[in-house]
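Asker: Mind looking over this structure? Questions follow.
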Amino acid sequence: MADHGVPVLRWADSPEGPVLLLLDQARLPAEEAELACRDVQDLVRAIRALSVRGAPLLGVAGGYGVALAAARGHDVAEAADRLASARPTAVNLAAGVRRVERAYQRAVAGEGADGGRAAAAALSEARALHEEDAEASERMAQLGHDLLRKLVPRKPLRLLTHCNTGFLVSGGRGTAFAVVSQVHAAGELRRLWVDETRPLLQGARLTAYEAMREDMPFSVLADGAAGSLFAAGEVDAVLIGADRISADGSVANKVGSYPLAVVARHHGVPFVVVAPVTTVDLATKRGTDIVVEQRAPEEVTHISSPYSPYHPEERGERGGGIPVAPRGADAYNPAFDVTPPELVTAVVTERGVISPVTSETVAGLCSPSRTT
Ligand code: MRU
């Protein structure tokens, strides 16, 4: 697994038993603080508070959560249900949870393992998932870079991204940001345009933090400023991640992704989605079937202070930082939106790139016979 100096997530033993330690992303970039999860309740709270977040990392964290319940002798089936439903949109969360739960159940049922050995089987599966995610990251970085070379002949590149997709969301270098990082390492990045990503500022707080650590040339912009960059011819490609890709190739990602896809199409700019195959959910047939998480109105009516609305000691009167809307104002706060496949130039996964994005190419990507 990639070493970034700051462990994003790690398993540790403490005198009271094992704990899952998370780099608390709700506090970044002000503080690099670890949050200890001693049981599933702690982890569910951390997931809902976005202390741990981003589709691939949610899968890894969910997997470790099942291992934690097993190691502490808690009810593993109940823990898995609670974890899998902690947030609804990123399919990786439930997929990671169920994978580790199956490994635990196999150990108990098939091999007749005792509690300790079954817990060890669960931990080993969570670790395998963690490592696979890191490997997938590397492959996506290479494939995405190769694709950009084909799609955009000019160099160096001006890339635009939304939300946060780097090492903070993965066992490795991430998804879309891993591609940006590969381009930068090749000396081919002129500028990364970082959407601030209202309301919770994952771009301004987290992507800027990642970009700074890699010494990238980057600028943070208000989400609404992206259109003027396209109009000025300042964007060569958009790179984003995904929280769920339905069988028809629709892409759920952080709210604000869909408008970017529309503007990119208007200006003839490639709109590229980078995600591991675990983000594809063939059981969800159409984009309209994807459950989009709706979050607290205070995230919109208040500005997070200083960085997060989630830590009790930082909460304002209504629990959301500094009020910016009149008291009692209604808010619409979907955490994600869905981009239809016809607006997506390509989907880059560790198994390869699909373009065009159609039901057929998505099914081909997931077919067991496809290995790269
Ligand atoms: O609500 P978040 O911060 O978990 O949303 C994360 C995103 O939308 C990311 O862009 C997504 O998970 C893609 S890949 C990391």
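Asker: Please determine, by comparing only the residues of the range 72-85 that are surrounded by fewer than 21 Cβ atoms within 10 Å (Cβ to Cβ) and small (Gly, Ala, Ser), which one is nearest to Glu293 (Cα to Cα).
Answerer: Within the range 72-85, the match that is nearest to Glu293 (Cα to Cα) is Ser85.
Asker: Pull up the range 195-213, narrow it to residues that are in a loop (DSSP other than H, G, I, E, B) and modelled with pLDDT under 95, then point me to the one that is surrounded by the fewest Cβ atoms within 10 Å (Cβ to Cβ).
Answerer: Arg198
Asker: Within the range 271-309, work out how many residues are assigned to a strand (DSSP E or B) and closer than 22 Å to Ala363 by Cβ.
Answerer: Counting residues in the range 271-309 that are assigned to a strand (DSSP E or B) and closer than 22 Å to Ala363 by Cβ gives 6.
Asker: Does the range 121-133 contain at least one residue that is more than 16 Å from the ligand (Cβ to nearest atom), surrounded by fewer than 23 Cβ atoms within 10 Å (Cβ to Cβ) and farther than 29 Å from Val76 by Cα?
Answerer: So far as the range 121-133 goes, no, none of its residues is more than 16 Å from the ligand (Cβ to nearest atom), surrounded by fewer than 23 Cβ atoms within 10 Å (Cβ to Cβ) and farther than 29 Å from Val76 by Cα.
Asker: Do you know which residues across the range 170-193 are among the hydrophobic types (A, V, I, L, M, F, W, C), within 20 Å of Val353 (Cβ to Cβ) and buried (at least 24 other Cβ atoms within 10 Å of the Cβ)?
Answerer: Correct list: Ala176, Phe177, Ala178, Val179, Val180, Val183.
Asker: Please go through the range 256-270 and pick out each residue that is crowded, with 24+ Cβ neighbours inside 10 Å and either touching a Cys at 6+ places or on another chain (Cβ under 9 Å) or part of a strand (DSSP E or B) (or both).
Answerer: Residue satisfying the conditions is Ser257 alone.
Asker: Something else about it: For the structure I just gave you, tell me whether Gly174 is assigned by the TED database to the domain that holds Pro259, on the phi > 0 side of the Ramachandran plot and more than 13 Å from the ligand (Cβ to nearest atom).
Answerer: No.
Asker: Considering the range 86-107 alone, what residues qualify as being within 16 Å of the ligand (Cβ to nearest atom), surrounded by fewer than 24 Cβ atoms within 10 Å (Cβ to Cβ) and either charged (D, E, K, R) or modelled with pLDDT under 95 (or both)?
Answerer: Arg87
Asker: With respect to Leu229, is the statement that it is within 25 Å of Val291 (Cα to Cα) and hydrophobic (A, V, I, L, M, F, W, C) true? Lay out the reasoning, then the answer.
Answerer: Details: within 25 Å of Val291 (Cα to Cα): no; hydrophobic (A, V, I, L, M, F, W, C): yes.
Against the criterion (within 25 Å of Val291 (Cα to Cα) and hydrophobic (A, V, I, L, M, F, W, C)), Leu229 does not qualify.
Every residue, every condition in (1) more than 24 Å from Pro276 (Cβ to Cβ); (2) touching a helix residue (DSSP H, G or I) at 6+ places or on another chain (Cβ under 8 Å); (3) assigned to a helix (DSSP H, G or I), yes or no:
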{"residue": "Gly73", "(1), (2), (3)": "yes, yes, no"}
{"residue": "Leu83", "(1), (2), (3)": "no, yes, yes"}
{"residue": "Pro88", "(1), (2), (3)": "no, no, no"}
{"residue": "Asn92", "(1), (2), (3)": "no, yes, yes"}
{"residue": "Ala95", "(1), (2), (3)": "no, yes, yes"}
{"residue": "Arg99", "(1), (2), (3)": "no, yes, yes"}
{"residue": "Tyr104", "(1), (2), (3)": "no, yes, yes"}
{"residue": "Val108", "(1), (2), (3)": "yes, yes, yes"}
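Asker: Could you please find all residues in the range 333-345 being of a type outside the set (D, E, K, R) and away from the ligand (no atom under 16 Å from the Cβ)?
Answerer: Going through the range 333-345, the residues of a type outside the set (D, E, K, R) turn out to be 333-336, 338-341, 343-345.
Residues satisfying the conditions are Pro340, Pro341, Leu343, Thr345.
Asker: Of all residues being more than 14 Å from the ligand (Cβ to nearest atom) and hydrophobic (A, V, I, L, M, F, W, C) in the range 239-270, which is nearest to His130 (Cα to Cα)? Just the residue, please.
Answerer: Ala247
Asker: Considering every residue within the range 179-194, establish whether at least one is outside any helix (DSSP H, G or I), within 17 Å of Leu260 (Cβ to Cβ), touching a Pro at 6+ places or on another chain (Cβ under 9 Å) and not aliphatic (A, V, I, L, M).
Answerer: Among the residues of the range 179-194, at least one is outside any helix (DSSP H, G or I), within 17 Å of Leu260 (Cβ to Cβ), touching a Pro at 6+ places or on another chain (Cβ under 9 Å) and not aliphatic (A, V, I, L, M), which makes the answer yes.
Asker: Then there's this: Please find, within the range 136-161, the residue that is farthest from Phe177 (Cα to Cα) out of those that are part of a loop (DSSP other than H, G, I, E, B) and in contact (Cβ under 8 Å) with a residue 24 or more places away in the chain.
Answerer: Looking at the filtered set, the residue picked out is Arg154.
Asker: Pairs, please: C-beta under 6 Å, at least 6 apart or cross-chain, first residue within 10 Å of the ligand (Cβ to nearest atom) and in the range 196-220, second β-branched (Val, Ile, Thr) and at pLDDT 95 or above?
Answerer: Gly203/Val194; Gly203/Thr197; Thr207/Val194
Asker: Then there's this: If I filter the range 28-61 down to residues being more than 14 Å from the ligand (Cβ to nearest atom) and assigned to a loop (DSSP other than H, G, I, E, B), which single residue comes out as nearest to the chain's Cα centre (by Cα)?
Answerer: The residue in question is Pro29.
Asker: Report the residue count in the range 273-288 for those that are more than 13 Å from the ligand (Cβ to nearest atom) and either in contact with an Asp or Glu (Cβ under 6 Å, 6 or more places away or on another chain) or closer than 18 Å to Pro259 by Cβ (or both).
Answerer: 3
The values are calculated or read from the model by the stated rules, or taken from the named source; none is laboratory data. This structure is a prediction, so every number in the text was calculated from the model and none was measured. Every residue, glycine as well, gets a Cβ built from its backbone with ideal geometry; the counts of neighbours run over all protein chains shown.
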